[in-house]
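Heads up, the thing below is written out as structure tokens.
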Amino acid sequence: MFEKLKSGFKGLVTKVTTTELKAENLSPILSDFKMSLAENDVAFPVADRICDELEKRLTGVQVKRLEDRKKLVEENLRQVLLDVMLTNNKIDLLKKVEEKRETGEPFVLLFVGINGTGKTTTIAKVAHFLRDKGYSVVLAGSDTYRAGSIEQLEEHARRLGMRMITHKYGADPAAVAYDAISHAKAHGVNVVLIDTAGRMQTNQNLMNELVKVKRVVQPDLTVLTLDSLIGNDAVMQAEEFHKSIGVDATILTKVDADVKGGSALSVTYVTQKPILFIGVGQTYKDLELFNPEKFVNMILR
């Protein structure tokens, strides 16, 4: 996982550690490093920010021993990466779900994203995660367009032993979501997870329809699923979805197969919204709560 990104950071630490910390020495090293970040799917504004911050922090620092200098470089790099990845609005999902349960109302998550990101499977993983934490869940099949989408979610619901609310293909997605929330209220179900049709962020008509679903449903969280393997395209999708419908958090899928890792660094910075989970495999258990500190420690290992 993220082998290329790890190797880039390791190389940077070695080069900076063995040079005198002056602007004229740091500048060419950081310029090369910026290109290495871009090659590993780190968005240009993020690469710029990382390198500019490092240059500011390290220029002119006097350190005699090599070991101390290495430690100094690593610590500053860690801090810069955390600054890039941390947002003002942290989301403690379980705390939010619990607070809503105490009011007697269901907690509603609306899932959006383009086709092929693994959105429906991710919904099933989130359902499994929440059930393991003691919450009851109902699924809403509001993807009434893509052939096989309702059956796909139904199969997940069957395997998980959960109820799914759906209408026929071609039905109004907002009506399906509304019915699922009504069902949850009537039966004391804690969480509603709403699947929606995958759409390209450039298709304004379909994006407008999502806006309508969101307006009808008024979800507690709107979550964007992104495929980490598509690199900078994930960053562009995040920007466009956020601009069009407003996103509260993202989930990065297929992270276990991502050798680059740039999407994870970039998406939070660009949207200023946290990554909620990362998908790290095929089974329902292969979903991890995302922890920026743990991520940064892992890529600097």
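The values are calculated or read from the model by the stated rules, or taken from the named source; none is laboratory data. As the structure is a computational prediction, the values presented were derived from the model and not from experiment. Ideal geometry is used to build each Cβ from the backbone, glycine not excepted, and the neighbour counts take in all protein chains shown.
Tabulated data for the structure shown
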{"read-out": "Selection count where residues are under 26 Å from the mean Cα position of the chain (by Cα) and crowded, with 20+ Cβ neighbours inside 10 Å, scope segment 166-188", "value": "5"}
{"read-out": "Selection within segment 21-44 - surrounded by 15 or more Cβ atoms within 10 Å (Cβ to Cβ) and outside any helix (DSSP H, G or I)", "value": "Leu21, Asn40, Asp41, Val42, Ala43"}
{"read-out": "Of all residues making up segment 50-70, the number that are of a type in the set (A, V, I, L, M) and crowded, with 21+ Cβ neighbours inside 10 Å", "value": "3"}
{"read-out": "Residue within segment 165-188 that is assigned to a strand (DSSP E or B), closer than 17 Å to Gly141 by Cα, in contact with a Pro (Cβ under 8 Å, 6 or more places away or on another chain) and of a type in the set (A, V, I, L, M, F, W, C) present", "value": "no"}
{"read-out": "For Val112: the one exception among (1) over 24 Å from the mean Cα position of the chain (by Cα); (2) within 22 Å of Asn208 (Cα to Cα)", "value": "(1)"}
{"read-out": "Spans of strands (runs of 3 or more DSSP E) in segment 211-299 with at least 3 residues of a type in the set (Val, Ile, Thr) and modelled with pLDDT of 85 or more", "value": "221-227, 249-253"}
{"read-out": "Condition check for Ala47: hydrophobic (A, V, I, L, M, F, W, C), loosely packed, with under 14 Cβ neighbours inside 10 Å and out of contact with any His (no Cβ under 7 Å at 6 or more places or on another chain)", "value": "no"}
{"read-out": "Of the criteria (1) surrounded by fewer than 21 Cβ atoms within 10 Å (Cβ to Cβ); (2) modelled with pLDDT of 85 or more, which one Thr18 fails", "value": "(2)"}
